[in-house]
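Take a look at the structure below.
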C-alpha cells in the first residue's frame with residue numbers, strides 16, 4: 001500500500017517542482033526588477049513625481065508564483081513581478097489613478113521603448129517575451145507609516161494596505177512549514193491551488209470580475225494551514241485543505257487573521273456582506289464584500305468538485321489503478337499534470 005501511495009506522492013512532487021518558476025533565473029529577475037525600479041524612478045523624479053519607496057511585493061517575493069504555460073489545455077501567464085512605486089503626492093493630480101497610470105506608461109515607454117507594454121485597471125505591465133516574464137508597475141500613495149500604503153482601485157476607492165506585511169504573512173507560514181518534518185511546504189501548496197484556480201477559470205471561461213483572486217486563494221490556504229498544518233504527502237494535505245475550504249465557503253465561515261490586528265478589531269469589522277474574508281493587514285477591507293450568494297456558491301461548487309476529483313485519485317492510487325488515478329488528477333489540474341508528473 002505504501003508503494004502505491006508513493007506513486008501519487010511522486011507525481012505531486014514532480015508537478016510541484018515543474019510549477020515553480022526557474023530557480024536559476026531568480027538572481028536575474030531580481031537584477032532586472034531593480035534595474036526597472038531605478039530607471040522608472042529616475043524618469044519620475046525628472047518629471048517632478050516624488051517616489052517614496054519601491055518595496056518588494058507579489059508572488060515573486062512570496063515565492064508563490066507559477067511558471068508560464070500557454071499550451072496543453074491550460075493557459076497560465078506565469079510569474080508577474082509586482083513593482084509598487086509609492087508616491088508622495090504634491091498635487092491633486094498626483095493622487096489620481098488615471099493620471100498616475102498615464103505618467104507611468106510614459107516612463108515605461110521612455111525606459112523600455114522596445115518592450116511590449118499593457119495598461120491594466122491599476123498598473124502598467126512590461127512584458128518581456130524572451131524571458132516569459134512580466135513586471136507590473138503599480139502606483140500607490142504613501143502614508144505616514146513607511147510600511148503602509150494606499151492602493152487606488154480603478155473605481156476610485158482607496159484602500160490602506162501594506163505590501164511588506166502581505167509578503168511577511170505568507171513567508172511566516174512557509175517558514176513555519178519548513179520546520180515541520182516531510183516534503184510538503186505551505187508555499188508549494190499555494191502554488192498547486194493557484195494552478196488549480198487558473199485551470200478552472202480557463203476551463204469555465206469566467207470573465208475577470210467574477211474570478212476568484214490570487215489573494216483569495218492565498219487567504220483560504222492560510223486559513224486551512226492555520227487549522228490543519230500539512231500532512232506527509234501533498235495529496236492528503238490538499239484533500240484536507242480543500243475539504244476545510246469547501247466547508248468554510250459553504251458555511252460562510254469568517255476567514256480572519258490576527259497576525260497584525262487584535263481580536264477586537266476583527267470583531268468591529270463585522271459587516272453586512274454575505275461572507276467575510278478580511279485582509280489580514282486591514283480588516284476593514286473585505287475582499288469578497290461585493291460577492292453575491294451565487295458567486296460564493298459557485299466557489300463552493302468548485303471546491304467540492306476538487307475534493308471529489310482528488311479523493312477519487314487517491315482511492316484509485318491505493319487500489320493500484322494508476323491510470324485511473326492520473327485521469328482524475330488531470331481533471332483537477334489539466335493536461336499539464338500528465339506531462340509533468342514524472343511518468344515516463
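The values are calculated or read from the model by the stated rules, or taken from the named source; none is laboratory data. None of these values were measured; they are calculated from a predicted model. Neighbour counts run over all protein chains shown; Cβ positions are idealised from the backbone, glycine included.
Every residue, every condition in (1) under 22 Å from the mean Cα position of the chain (by Cα); (2) more than 22 Å from residue 285 (Cα to Cα); (3) modelled with pLDDT of 95 or more; (4) surrounded by 13 or more Cβ atoms within 10 Å (Cβ to Cβ), yes or no:
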{"position": "113", "(1), (2), (3), (4)": "no, yes, yes, no"}
{"position": "121", "(1), (2), (3), (4)": "yes, no, no, no"}
{"position": "124", "(1), (2), (3), (4)": "yes, yes, yes, yes"}
{"position": "127", "(1), (2), (3), (4)": "yes, yes, no, yes"}
{"position": "130", "(1), (2), (3), (4)": "no, yes, no, no"}
{"position": "133", "(1), (2), (3), (4)": "yes, yes, no, yes"}
{"position": "139", "(1), (2), (3), (4)": "yes, no, yes, yes"}
{"position": "148", "(1), (2), (3), (4)": "yes, no, yes, yes"}
{"position": "154", "(1), (2), (3), (4)": "yes, no, no, no"}
* **Extreme residue, surrounded by the most Cβ atoms within 10 Å (Cβ to Cβ), among residues of region 293-313 that are closer than 14 Å to residue 242 by Cα and free of Cβ contacts under 8 Å to residues at least 40 places away in the same chain** => 309
* Assess whether residue 297 counts as being modelled with pLDDT under 95 and not in a helix (DSSP H, G or I). => no
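If I filter region 210-223 down to residues being within 14 Å of residue 194 (Cβ to Cβ) and in contact with a helix residue (DSSP H, G or I) (Cβ under 7 Å, 6 or more places away or on another chain), which single residue comes out as surrounded by the fewest Cβ atoms within 10 Å (Cβ to Cβ)?
211
Search region 328-344 for residues being over 22 Å from the mean Cα position of the chain (by Cα) and in a helix (DSSP H, G or I), and hand back the single one that is surrounded by the fewest Cβ atoms within 10 Å (Cβ to Cβ).
So, considering only residues that are over 22 Å from the mean Cα position of the chain (by Cα) and in a helix (DSSP H, G or I), the one surrounded by the fewest Cβ atoms within 10 Å (Cβ to Cβ) is 339.
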* **When residues of region 258-285 are limited to those that are touching a residue at least 60 places away in the same chain (Cβ under 8 Å) and in contact with a helix residue (DSSP H, G or I) (Cβ under 7 Å, 6 or more places away or on another chain), the one surrounded by the fewest Cβ atoms within 10 Å (Cβ to Cβ)** => 259
* To do: Residues being over 11 Å from residue 55 (Cα atoms) and outside any strand (DSSP E or B): count how many of those fall in region 129-164.
  => 12
* To do: Kindly indicate whether any position in region 3-11 is in contact with a strand residue (DSSP E or B) (Cβ under 9 Å, 6 or more places away or on another chain), modelled with pLDDT of 90 or more, in a helix (DSSP H, G or I) and surrounded by fewer than 20 Cβ atoms within 10 Å (Cβ to Cβ).
  => no
* To do: Test residue 179 against the stated conditions and say whether it is buried (at least 19 other Cβ atoms within 10 Å of the Cβ), within 30 Å of residue 18 (Cβ to Cβ) and in the same structural domain as residue 279 (by TED's automatic domain parsing).
  => no
* Asked: Does region 247-256 contain at least one residue that is in a loop (DSSP other than H, G, I, E, B), surrounded by fewer than 22 Cβ atoms within 10 Å (Cβ to Cβ), in the same structural domain as residue 191 (by TED's automatic domain parsing) and over 22 Å from the mean Cα position of the chain (by Cα)?
  -> yes
* When you go through 45, 38, 17 one by one, which is the residue that is without any contact (Cβ under 8 Å) to a residue 12 or more places away in the chain, part of a helix (DSSP H, G or I) and within 18 Å of the chain's Cα centre (by Cα)? -> 17
* Asked: For region 315-327, does any single residue satisfy the condition of being crowded, with 21+ Cβ neighbours inside 10 Å, outside any helix (DSSP H, G or I) and over 21 Å from the mean Cα position of the chain (by Cα)?
  -> no
* Hey, residue 290 closer than 18 Å to residue 234 by Cα and either free of Cβ contacts under 8 Å to residues at least 60 places away in the same chain or surrounded by fewer than 20 Cβ atoms within 10 Å (Cβ to Cβ) (or both) or not -> no
* Do we find that residue 229 is on the phi > 0 side of the Ramachandran plot and either touching a strand residue (DSSP E or B) at 6+ places or on another chain (Cβ under 8 Å) or not assigned by TED's automatic domain parsing to the domain that holds residue 65 (or both) in this structure? -> yes
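Residues are listed down the side, and each one gets a yes or a no for (1) more than 21 Å from the chain's Cα centre (by Cα); (2) assigned to a helix (DSSP H, G or I); (3) within 22 Å of residue 169 (Cα to Cα):
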residue	(1), (2), (3)
218	no, yes, yes
237	no, yes, yes
245	no, yes, yes
264	yes, yes, yes
270	yes, no, yes
273	yes, no, no
